[in-house]
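**Student:** Quick one: the structure is below, and I'll ask about it shortly.
All of the numbers you see were taken from the coordinates with simple rules; none came from a lab. In this text the structure is predicted, and so the values were computed from the model without any measurement. Heads up, the Cβs are rebuilt from the backbone with ideal geometry, glycines too, and the neighbour counts pull from every protein chain shown.
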Amino acid sequence: MSAQPVPNDTRRAIIEESEGTAYRTLWRAHTVALSVGGIAHGEFAAHSIAMSPAKVLPGALYFARGEVDAVAALARGAVGVVSTRPVRGAHVQVDDIDVALAKLARAARNRARATIIAHAGFAGDVAPDVLLDALDRASRGLAYAASAEDGLDAGLAGLAADRSHALFAIGGAPSIDRLRPHLFMGGRELGRAEGIRASGSLQSGGAAVLPADHPDFAAWRAAALDAGAQVFGYGRKASADICLLDAVRGATGGWLVTTEIMGQRMCYALGDRFGDACGSLAVFGAMRAAGASLGCAALAMQPGASEPQRRAVAV
């Protein structure tokens, strides 16, 4: 008996499993149509968002800028398209792509169960990547990091309802109103106005983790307190909530760091990925504020720790 060709659906499922993209359904056609005020033509069940054909993964929902754009995305495996014109394939027709994306982002934020974490001011620092790794360990794979390339709306639209923690880079973002973060982690390169805007956008009852040694700390702290959020300062200052006490260089690289976190002393090994031990303090502060395991943070920081596998909107 001759071998039969593998059905396309089976082939796609195998590819998705091997690439780690076979997540639960993110958006269905009728849900997208209701969320954005569009008209659904056909059915689809998408598990990711894509904004350019090159970033389309099998099973993605694609936001098309034109008919050729949409055809290219469908050819690469998109299961559905949001478009202002009819296309040959399952799609949701809308009046304006940008408005539709903003509405879908708002719908995703409203249904999200995750602790929303914004971060900025870490250019050249690995702290956000290590925080993702630590949260992923603590939640057993339910952390999410949005790709900063396509903007906050695309990042929010790609957030599944079952994620436990979601990270968003907000540096340079024109608006963070739809994000409504529970937690903000600021780095030492944070600008004064950017820090005030981010701290002031926090949900009441949230928290800001900020560099206590920075000259603009007081302004950022005031903005966070006005928003009804707690503030945790980190750095070398003796008054910092997360205080760097000592950092000893290891014989074979890395550092042995001693800190005091809310009155409790802790020692941990720090890999050479960190250019400054203070960045690790920000991670511990964010983990503490998010109610996540500090042990998982220490494991993510140690020399030889594996790089996090980002659950991004598109890769």
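**Student:** Between segment 37-113 and segment 205-274, what's the alpha-carbon centroid distance in Å?
**Tutor:** 41
**Student:** So what's the chain giving for Rg/Rh, alpha carbon basis, Kirkwood Rh from the mean inverse pair distance?
**Tutor:** My calculation puts Rg/Rh at 1.04.
**Student:** Choose one answer from ALA251, ALA54, ALA148: the residue with the largest mean-square fluctuation in a GNM of the chain with alpha-carbon springs under 10 Å.
**Tutor:** ALA251
**Student:** Given labels modelled 7 Å from the Cα in the Cβ direction, how far is it in nm from ARG249 to GLN203?
**Tutor:** 4.4
**Student:** Okay, moving on. Provide the FRET efficiency to the nearest 0.05 for the LEU299-ARG178 pair, computing r from the beta carbons and using R0 = 25 Å. Can you show the working numbers first?
**Tutor:** Values: r = 33 Å, r/R0 = 1.33.
Rounded to the nearest 0.05, the efficiency is 0.15.
**Student:** Can you sort ARG113, ARG188 by how many other beta carbons sit within 10 Å, fewest first?
**Tutor:** Numbers: ARG113 12, ARG188 19.
Fewest-to-most ranking of ARG113, ARG188: ARG113, ARG188.
**Student:** Moving to a separate point now. Any idea what angle helix 277-289 forms with the longest principal axis of the chain, computed on alpha-carbon atoms, 0 to 90 degrees, nearest 10?
**Tutor:** Its long axis makes an angle of about 70 degrees.
**Student:** A further question on this structure: Exposure proxy check: ASP129, ASP226 ranked by fewest other beta carbons within 10 Å?
**Tutor:** Values: ASP129 18, ASP226 12.
Fewest-to-most Cβ neighbours within 10 Å comes out as ASP226, ASP129.
**Student:** Report the charge-dipole magnitude of the chain in Debye, nearest 20, computed about the Cα centre from +1 at each Lys and Arg Cβ and -1 at each Asp and Glu Cβ. Intermediate results must be reported in sequence, preceding the final value.
**Tutor:** Values: 31 positive and 30 negative charges, 112 e Å.
Computed about the Cα centre, the dipole is about 540 debye.
**Student:** Right, next: Could you list THR31, THR115 in order of exposure, starting from the residue whose Cβ has the fewest other Cβ atoms within 10 Å?
**Tutor:** Numbers: THR31 18, THR115 22.
Listing THR31, THR115 from fewest to most nearby Cβ atoms yields THR31, THR115.
**Student:** Under 10 °C and 1.306 mPa s, how fast does segment 85-207 diffuse according to Stokes-Einstein, given a Kirkwood radius computed over C-alpha pairs? Answer in µm²/s, whole number.
**Tutor:** On the way: Rh = 15.3 Å.
The diffusion coefficient I find is 104 µm²/s.
**Student:** Please identify, among GLY151, GLY279, GLY124, the residue showing maximal mean-square fluctuation in a Gaussian network model of the chain using a 10 angstrom Cα cutoff.
**Tutor:** Maximum among the listed residues: GLY124.
**Student:** Mind checking the full-extension length gain between ARG28 and LEU256? Use 0.36 nm per residue of separation minus the Cα-Cα distance, one decimal, nm. Don't skip to the end; give the middle numbers.
**Tutor:** Details: separation 228, 0.36 × 228 = 82.08 nm, distance 4.91 nm.
Here the answer is 77.2 nm.
**Student:** Hey, another quick one. Over the Cα atoms of segment 109-172, what Rg and Dmax result, in angstrom?
**Tutor:** 11.3, 33
**Student:** Note the full-extension length gain between GLU43 and GLU189 as 0.36 nm times their separation in residues minus their Cα-Cα distance, in nm to one decimal.
**Tutor:** Numbers: separation 146, 0.36 × 146 = 52.56 nm, distance 4.60 nm.
Extra length available between GLU43 and GLU189 comes to 48.0 nm.
**Student:** Let me ask something else about it. Below 8 Å between Cα atoms, with a sequence gap of 6+, how large is the relative contact order for segment 187-274 in percent? Let's see the in-between values first.
**Tutor:** Details: 159 pairs, mean separation 16.9, N = 88.
The normalised contact order for segment 187-274 reaches 19 percent.
**Student:** While we're looking at this one, here's another question. For the chain, what does the relative contact order come out to in percent, with C-alpha contacts under 8 Å and a separation of six or more?
**Tutor:** Numbers: 705 pairs, mean separation 46.3, N = 315.
This gives 15 percent for the chain.
**Student:** For segment 128-144, take each phi angle, set θ = phi - 60°, evaluate the Karplus expression 6.51 cos²θ - 1.76 cosθ + 1.60, and give the result in whole Hz per residue in order, putting x for glycine and proline.
**Tutor:** Those phi angles translate into x, 5, 5, 4, 4, 4, 5, 5, 5, 5, 5, 9, 6, x, 9, 7, 9 Hz.
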